[in-house]
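Just below is one structure, and these are the notes that go with it.
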Amino acid sequence: MKSPLHARLPVLLACAVSFLALTTASSALWPFSGSKDKVVPVDSERESQELAAAAMLAQARQAENAGKVGKAQGLYQAIVKRYAFTPSAAEASFHNAVIIRHNGKMDDAFEAFQTFIQSYRDSPHFSEAIEKQYEIAEEAKGGKKQRGMLLISMKMNSSEVIKFYEKIIKNAPFGKYAPLAQFSIAEIQQDLKEKDKAVAAYNKVVENYPHTSQAAEAQFRIGSISNIAAQRSEDASNLLAARDALRTYIATNPGGDRKQETEMILHQVNTAEANQSLTVAKFYQRVGKTKAAAIYLNEALKFGSPEVSAQARTMLAELAAADPEGVEDAKKGPGQDYTSLTAENLKARDDYVGPLAPELARLSQKPKMRTGDEGFVPIPLQEPTLPLRPGAATPGSGSLLPPVPETEKPALLPVPPSPSVPSMLPPSPGSRAPVPPVPPVPSTTKPAS
């Protein structure tokens, strides 16, 4: 036999499901609660709701000024709950968050301002709410909460504080507190000794907010963190990252406050990399790999101090004397720009290019523009001297071609008229008639037997 509770169980379950469905539908209409009062009012209701909300807001402000904070907070919350779509509700939501900020917990105050920001982004208090959130995050980061004139120790997880800053950036990604929030996230990661996360966070400052003072400081922090990591390990990538960041800081901030400190750290980075290259070069020299040793010696010459550079030059000279072909092969590698050991060997190099000859230097000069007519002389017209054959006479004036020798001149012979075309002109007086040619006589001589 079933008990009365078992018999009523299906009915209770059905009621619970119906209640949850109604609550979900009402919550979709308004984020504050699931009450049916949060439905958007029609135009006829809007004016009356605004009058009622304004009257309650005046009572709440009067109570707050009189020191009745609890009563004022209750009225603010009632306005938000009953008349959520009125301008007075935005004022009430903001002042409610301010009261929680002074009297409540930091996480509760932050969420109160977050609710206001999400619901009333068009309110004139929007920027002020972002500022309040940043102040709360900074207090949580420092582990202190200021209440009146006292500093009360507060403990909050670093991950929760980072979430505060991330919400500030999301609320106003291009506001003035966004680069500050991102920089604070990087500082928290740096304090936690999480090198990769800190560098990534500082890089976001540089990339997303390049024209801010936080970007310059973040660039310096990247170089400093990478330099510290390089001193603790033998990873050459840390030295490379440190050098790139420090050089970028100097290039983008030539008059920055960190310039002197940056140059000092950059010198340390160069010295450390030169010492590493010199150590590796000694190893390859011991095992007989001349080319590899020469490559690392060249790296030591690039970035080393005077002492390291002198030692690298001495070792390179020893390698060149013992295995000149190996050192020469190393010069042909990509990115190798070896310094000659002595000035006397400079002209012996295959790629040596000396100064230009005087004629080439004169031709390479750009012509100067004439500024006046002083010293202007017209170019005289004079025939050029043309080449002549050996033994030929000098050509006469007015001729541009050499004379033809007498031995090469053709003979001038009379040309007889064509027999097919008789001459129509009478012979000139005193001249003889042309004699026709005599035909040849056939020979009667017999050939010799």
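Read the figures in this text as sums done on the coordinates, not as results from a lab. Values in this document were obtained by computation on a predicted structure and should not be read as measured data. Using ideal geometry, Cβ is built from the backbone for each residue, glycine included, and neighbour counts are taken over all protein chains shown.
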Counting other C-beta atoms within 10 Å, which of F183, F164, F126 has the fewest, and how do the rest follow? F126, F183, F164
For S233 and R82, calculate 0.36 nm times their separation in residues minus their Cα-Cα distance, and state this gained length in nm to one decimal. 48.1 nm
Could you give me the ³J(HN,Hα) list for segment 52-64, computed from phi with Karplus coefficients 6.51, -1.76, 1.60 and θ = phi - 60°, whole Hz, x at Gly and Pro? 5, 5, 5, 5, 5, 5, 5, 5, 5, 5, 5, 5, 5
Ranked highest first by average number of other Cβ atoms within 10 Å, how do 167-173, 188-194 line up? 167-173, 188-194
Note to self: Kirkwood Rh of segment 173-257, Cα pairs, one decimal, Å, is 12.9
Counting other beta carbons within 10 Å of each Cβ, put I228, I250, I295 in order, fewest first. I228, I250, I295
Would you kindly derive the ³J(HN,Hα) couplings of segment 74-79 from the backbone phi angles with the Karplus curve 6.51 cos²θ - 1.76 cosθ + 1.60 (θ = phi - 60°), listing them in order in whole Hz, with x for Gly and Pro? x, 5, 4, 5, 5, 4
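What number comes out for the charge environment of R286, summing +1 per Lys or Arg and -1 per Asp or Glu over other residues with Cβ under 14 Å away? Write out the running numbers ahead of the final one.
Values: positive: K282, K289; negative: E318, D323.
Its environment carries a net charge of 0.
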Spelling out what I want: for every residue of segment 81-90, take phi, set θ = phi - 60°, compute 6.51 cos²θ - 1.76 cosθ + 1.60 (Karplus), and round to whole Hz; glycine and proline get x. 6, 8, 10, 5, 9, 9, x, 5, 5, 5
